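To start, the structure itself, in structure tokens.
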Amino acid sequence: MPVWLSVIFEILKFTIPSLIMFWVVQSLFKQFLQGQQQMRLLEIKQSQQGATMPLRLQAYERLSLFLERISIPNLVARLRTEGMQSGALRLALMMGIQQEYEHNITQQVYVSEKLWEIISLAKTDTVNVVISVAENVDPKSDANELIQALFRFLEERNQSPLLTAQAAIKKEAGLLF
């Protein structure tokens, strides 16, 4: 065997195990770094959840209160005044719903898109109920006529979007625990 071939074999004898060892160490080091990165991300996520959990719970509470405040019986009790006409009550109801919505709109940051959509639909439905019932009542009549028409409509209704939204809030808040 020529000398140059024996030198190449000697070089390969040390180089191949070194390359294999280098590859193994590199692979192990890469796995170690990935594991460390995943653990750090998990720690960050847990600390963020700890910080946002109270805010999310507060958002569920506020949205639940929002739905309660825009229910027609509660709006009527809060906004009706003595001697009020139906047209004025209709306007007060619409403004009351809108003001409550604007007051709570920032809570959408802390809840899922689906829940916010359900809450928005419940608000829109409440507005539509007031509009559609008020169309059949003379705006110059006493507010009691509109109130009675609204309560009759609510009694005849099978399901309430406000109750559906309340149930959705409870379900999503329950997922936090």
Only one of (1) without any contact (Cβ under 8 Å) to a residue 60 or more places away in the chain; (2) within 23 Å of the chain's Cα centre (by Cα) fails for M53. Which number is that? (1)
Does I44 satisfy the condition of being surrounded by fewer than 16 Cβ atoms within 10 Å (Cβ to Cβ), hydrophobic (A, V, I, L, M, F, W, C), under 30 Å from the mean Cα position of the chain (by Cα) and over 23 Å from I147 (Cβ atoms)? yes
Kindly indicate the residue of segment 47-88 that is more than 26 Å from P161 (Cβ to Cβ) and among the β-branched types (V, I, T) and also surrounded by the most Cβ atoms within 10 Å (Cβ to Cβ) among those meeting that condition. T52
Within segment 87-100, identify whether any single residue is in contact with a Ser or Thr (Cβ under 7 Å, 6 or more places away or on another chain), touching a residue at least 60 places away in the same chain (Cβ under 8 Å) and part of a helix (DSSP H, G or I), and answer yes or no. no
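Pick from segment 53-86 the residues that are β-branched (V, I, T) and part of a helix (DSSP H, G or I): which of them is farthest from Q159 (Cα to Cα)?
V76
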Any idea how many residues of segment 139-166 are polar (S, T, N, Q) and within 29 Å of E117 (Cβ to Cβ)? 5
Hey, among the residues in segment 113-128 that are touching a residue at least 40 places away in the same chain (Cβ under 8 Å) and more than 10 Å from the chain's Cα centre (by Cα), which one's surrounded by the fewest Cβ atoms within 10 Å (Cβ to Cβ)? L121
Could you tell me whether I131 is surrounded by 15 or more Cβ atoms within 10 Å (Cβ to Cβ) and under 30 Å from the mean Cα position of the chain (by Cα)? no
Residues that are of a type in the set (S, T, N, Q) and at pLDDT 95 or above, drawn from segment 145-163: Q148
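Which one is nearest to V133 (Cα to Cα), of the residues in segment 91-108 that are under 12 Å from the mean Cα position of the chain (by Cα) and surrounded by fewer than 19 Cβ atoms within 10 Å (Cβ to Cβ)? Please lay out each step first, then the result.
Applying the first criterion (under 12 Å from the mean Cα position of the chain (by Cα)) to segment 91-108 yields 105-108.
Imposing the further condition that a residue be surrounded by fewer than 19 Cβ atoms within 10 Å (Cβ to Cβ) reduces the set to 105-106, 108.
Details: I105: 26, T106: 30, Q108: 29 Å.
Residue satisfying both the conditions and the ranking: I105.
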Among L28, L5, which is the only one that is exposed (fewer than 10 other Cβ atoms within 10 Å of the Cβ), out of contact with any helix residue (DSSP H, G or I) (no Cβ under 8 Å at 6 or more places or on another chain) and either at pLDDT below 80 or part of a helix (DSSP H, G or I) (or both)? L5
Report, ordered by the first and then the second residue, all pairs with beta carbons closer than 9 Å, sequence separation of six or more or different chains, a first member in segment 58-80 that is more than 23 Å from L91 (Cα to Cα), and a second member that is acidic (D, E) and assigned to a helix (DSSP H, G or I). Y60/E172
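The values are calculated or read from the model by the stated rules, or taken from the named source; none is laboratory data. Model, not experiment: these values are computed from the prediction. All Cβ positions, even for glycine, are placed from backbone atoms using ideal geometry, and neighbour counts span all protein chains on display.
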